[in-house]
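The values are calculated or read from the model by the stated rules, or taken from the named source; none is laboratory data. All values derive from a computational prediction rather than experimental measurement. Cβ atoms come from the backbone with ideal geometry, glycine included; neighbour counts cover every protein chain shown. Areas reflect the complete protein model, heavy atoms only, side chains present, ligands, DNA and RNA absent. Shrake-Rupley method; radii C 1.70, N 1.55, O 1.52, S 1.80 Å.
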Amino acid sequence: MTSSFDMSWTLDGIAMEGTVVRPDGEGPFPAVVLVAGSGPTDRDWCSPLLPGSNGSGRLFAQAFADAGILSLRYDKRASGPHAMENVTKLFGKVSMSSHLDELVAAVGALCALDFVDTSQLVGFGNSEGALHVLHYATSTQEVPFAAVVLAAPPGRPIQDVLLSQLALQSSQFPGGAQLMPKVEAAAARYAAGEPMNPDPALPDSVKMVLASFEAPMNLPLARELWVESTCDSLVNVQIPTLVLIGGRDVQIDEHADGVPLQEAAAGMANVTFAFPPNANHVFKEDTRTPAEVAASPGNGYNEPGTRLDPEALETILSWLARTLGPGRTDA
């Protein structure tokens, strides 16, 4: 038996909201804080930009509760049902630091619950969320993480990840390969601190992605993300760390991102790597080809009937059971 409830707290005058899922019993329970990926991705790991509401965040929360682990997943202030209300208050203030502040505030709200074992707190970040989890883990915090799970962390600067994603996206259009020099030219201008000024010949979907990095709302964050990779912080983490990259991920690559991460962590006994072959970017089971994924609306991440990849889930639960110690979980 498990149960869930919503809770709220305030950061800089803006209400934040999240959902706690807890196992049956009195506790105290080990706990996971789930940090979603980029953009308006909400607490369930769903986005208004993508179809479907069957988000991996919600599925992970239930799986953790079934294994005896409590979780909190939360909406970033620029996501969820109140995102539009908060935009004017956050305009130009969204940054890596503001995301860390949100995570700190979420941890504080979670640790105020008397059935949470604050000595057994795990940060679990997906994609961009992995960077925020690492920033928390490698800084001085009132309640430190005992361990972190980095799911699909970028092992390259975001500019390199973006170019590889756009190359795949452009391949779906006639003459797509010939369009990439125009994309690379726009990216080079941005890297030099200039406007991207994308070529009008580029597909609208590609121009939309490029434009997102120049949106005034997110500009400080976008500039920081452009040059940061997980490798920058991974070398400084001292707690047990699980890094996962799915073999079916069309955004983060097990070779292009995984190899730099493994090189950065060379000799670090606290860092474990796993590459579940059928897991996609949000750790759903996916047996389609990369081209089939790229051609589907929103990559099909949150479609009804999709499920967490069994191997990835078992890897995470087994690692948590070993890391948190005997009797800490039911995994």
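Filtering region 55-84 to residues that are open to solvent by 10 Å² or more (accessible area, probe 1.4 Å), part of a helix (DSSP H, G or I) and modelled with pLDDT of 95 or more leaves ARG58, LEU59, GLN62, ALA63, ASP66.
Kindly establish whether VAL107 is open to solvent by less than 50 Å² (accessible area, probe 1.4 Å) and either at pLDDT below 95 or closer than 23 Å to PHE5 by Cβ (or both). Against the criterion (open to solvent by less than 50 Å² (accessible area, probe 1.4 Å) and either at pLDDT below 95 or closer than 23 Å to PHE5 by Cβ (or both)), VAL107 qualifies.
Taken together, LEU244, LEU261, LEU234 contain a single residue that is more than 25 Å from THR306 (Cα to Cα), buried (at least 21 other Cβ atoms within 10 Å of the Cβ) and in contact with a Phe, Trp or Tyr (Cβ under 8 Å, 6 or more places away or on another chain), which is LEU261.
Candidates are the residues of region 271-304 that are acidic (Asp, Glu) and in a loop (DSSP other than H, G, I, E, B); the one that is most open to solvent (accessible area, probe 1.4 Å) is GLU303. Mind checking which residues of region 138-163 are of a type in the set (Gly, Ala, Ser) and in a strand (DSSP E or B)? Within region 138-163, ALA147, ALA151 meet the criteria. May I ask you to say which residue of VAL235, VAL250 is closer than 28 Å to LEU313 by Cα, of a type in the set (A, V, I, L, M), touching a helix residue (DSSP H, G or I) at 6+ places or on another chain (Cβ under 6 Å) and at pLDDT below 95? Every option except VAL250 fails the conditions. So, in region 305-316, how many residues would count as being of a type in the set (A, V, I, L, M) and either over 22 Å from PRO240 (Cα atoms) or assigned to a loop (DSSP other than H, G, I, E, B) (or both)? Looking only at that region, the number is 1. For the residues LEU121, LEU166, LEU113, the requirement of being touching a residue at least 24 places away in the same chain (Cβ under 8 Å) and assigned to a loop (DSSP other than H, G, I, E, B) singles out LEU113.
Look at region 200-225: where a residue is without any contact (Cβ under 8 Å) to a residue 24 or more places away in the chain and a partner is open to solvent by less than 40 Å² (accessible area, probe 1.4 Å) and assigned to a loop (DSSP other than H, G, I, E, B), sitting 6+ places away or on another chain with Cβ atoms under 6 Å, you get ALA222/PHE213. Whether a residue is farther than 21 Å from MET7 by Cβ and in a helix (DSSP H, G or I) was assessed, and SER97 passes this test.
If you go through region 136-159 and keep only what is crowded, with 18+ Cβ neighbours inside 10 Å and among the small types (Gly, Ala, Ser), you end up with ALA137, ALA146, ALA147, ALA151, ALA152, GLY155.
If you go through region 248-258 and keep only what is without any contact (Cβ under 8 Å) to a residue 40 or more places away in the chain and either touching an Asp or Glu at 6+ places or on another chain (Cβ under 6 Å) or crowded, with 17+ Cβ neighbours inside 10 Å (or both), you end up with just GLU254. Residues of region 169-182 that are open to solvent by 50 Å² or more (accessible area, probe 1.4 Å), free of Cβ contacts under 8 Å to residues at least 60 places away in the same chain and among the small types (Gly, Ala, Ser): ALA177 alone.
From the list VAL133, VAL87, the lone residue that is surrounded by 21 or more Cβ atoms within 10 Å (Cβ to Cβ) and among the β-branched types (Val, Ile, Thr) is VAL133. Are any residues in region 205-231 under 19 Å from the mean Cα position of the chain (by Cα), small (Gly, Ala, Ser) and open to solvent by 30 Å² or more (accessible area, probe 1.4 Å), and if so, which ones? Listed by number, the list holds a single entry, SER212. Selection of first residues in region 320-331 that are at pLDDT 80 or above and of second residues that are of a type in the set (Ser, Thr, Tyr), restricted to Cβ pairs under 8 Å at least 6 apart or on distinct chains, gives the following pairs, ordered by first then second residue: LEU320/THR329; ALA321/THR329.
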